[in-house]
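Working notes, structure below.
The values are calculated or read from the model by the stated rules, or taken from the named source; none is laboratory data. Note that the coordinates shown come from a computational prediction; the quantities given were computed from them, not determined experimentally. In this analysis, Cβ positions are derived from the backbone assuming ideal geometry, glycine residues included, and neighbour counts consider all displayed protein chains.
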Amino acid sequence: MRKYIYSTINLVLKKIGLTLQKYEEKWERNAFAKLYESRIKYVPLSGIHPAECIVFSKDRALQLHALISSYLEKVASPVPIHILYHTSTPAHRKAYDEVRGLFLNSDVLFIRQDSDNSFRSNLITLLTSVHSEKVFFLVDDVIFVEDFDVKDFTKFDTDKFVPTLRMGMNLKKCYTVQEGQPLPELMPDIIKDKDKITWQWDQGAHDWSYPLSLDGHFFFTQEIATMIQSTEFSAPNTLEDQLQKFRRFFLFRKGVAYKKSRIVNIPCNKVQTENRNLYGNIHQDYLLDQWEKGFQMDYRSLYGFMNESAHQEIFFKFRKR
């Protein structure tokens with residue numbers, strides 16, 4: 001019987017002593033049951049790729065172009081990318097059409113949201129089209145700054161590990177709370193790989209204790225799809241917030257990352273209204289104006305950048321496309 005049949009729930013019960021009867025809320029009981037059922041009824045997926053990627057994007061065509069470009073240049077064994085995007089104006093939509101036209105010969109699929117309120121239904125439909133065993137998510141203000149081979153992460157058992165592109169020993173600060181964050185106690189004997197680090201998620205602080213991020217973390221497709229279908233949300237930010245209800249099932253797993261982050265999130269603007277996240281002062285309409293003038297982000301100038309936080313406001317230049 002395949003290893004994924006192992007019940008994540010049983011592992012959690014063994015590790016932290018929870019029982020189904022201790023959950024008082026009906027939602028938690030139902031979510032617990034659905035997650036358990038998804039493991040019992042596991043059906044091997046037929047995808048030809050070891051993973052697929054889903055990117056969330058809104059009104060950030062120039063930044064999305066930089067993400068896709070850096071992905072195609074820095075990632076070995078690239079896998080299909082699904083871009084789930086939304087636009088607020090015809091000008092932003094036109095910019096996305098232009099970006100899509102630049103990647104017609106790449107394995108990049110653009111899916112436009114049906115409406116302002118269709119993010120959840122569109123995402124669930126998209127997940128049904130993912131046939132790979134694993135999936136990872138990105139947002140459009142991410143850049144790949146280091147080389148990365150997808151197979152380096154898809155080899156890990158997601159019942160035991162949450163591989164992440166964004167963590168690394170270079171991360172000493174947490175941007176979202178504006179505080180320093182210590183490195184967790186590393187576990188060098190777990191995976192025997194000199195290029196990577198391992199730690200226990202429940203022993204970390206801030207970003208080092210956040211396994212359910214949508215910024216470059218790898219998940220078992222069937223498991224994350226079940227979790228997403230069990231929650232209510234309206235945008236990527238509220239989705240990530242709702243996923244934290246399952247955090248207890250992931251804290252006992254181990255994080256694995258390269259010694260240096262492979263990606264950095266550049267929060268130069270904000271396009272969602274669901275939370276009060278920090279962000280910079282480069283408005284998305286200004287970036288749209290630069291795109292319309294024929295410019296793109298000079299993303300290559302950021303290759304090798306040594307970020308100190310998973311999210312970091314970084315000055316970037318433009319160059320003609």
What about SER77, is it out of contact with any His (no Cβ under 8 Å at 6 or more places or on another chain), assigned by TED's automatic domain parsing to the domain that holds LEU214 and modelled with pLDDT of 70 or more?
-> yes
Of all residues making up region 304-321, the number that are over 21 Å from TYR175 (Cβ atoms) and either in the same structural domain as GLU73 (by TED's automatic domain parsing) or touching a helix residue (DSSP H, G or I) at 6+ places or on another chain (Cβ under 8 Å) (or both) | 2
Report whether or not VAL135 is farther than 19 Å from VAL256 by Cβ and at pLDDT 95 or above.
-> no
Which of the residues that make up region 174-201 are surrounded by fewer than 18 Cβ atoms within 10 Å (Cβ to Cβ), in contact (Cβ under 8 Å) with a residue 40 or more places away in the chain and within 22 Å of the chain's Cα centre (by Cα)?
-> THR176, GLN178, ASP195
Answer yes or no as to whether THR89 is at pLDDT 95 or above, loosely packed, with under 12 Cβ neighbours inside 10 Å and among the β-branched types (Val, Ile, Thr).
-> yes
Determine whether LEU171 is free of Cβ contacts under 8 Å to residues at least 40 places away in the same chain and of a type in the set (A, V, I, L, M).
-> no
Filtered residues of region 229-243 (kept if free of Cβ contacts under 8 Å to residues at least 40 places away in the same chain and out of contact with any helix residue (DSSP H, G or I) (no Cβ under 8 Å at 6 or more places or on another chain)) | THR238, GLU240, ASP241, GLN242
Selected residue (criterion: surrounded by the fewest Cβ atoms within 10 Å (Cβ to Cβ)) from residues of region 241-255 that are modelled with pLDDT under 95 and in contact with a strand residue (DSSP E or B) (Cβ under 9 Å, 6 or more places away or on another chain) = PHE252
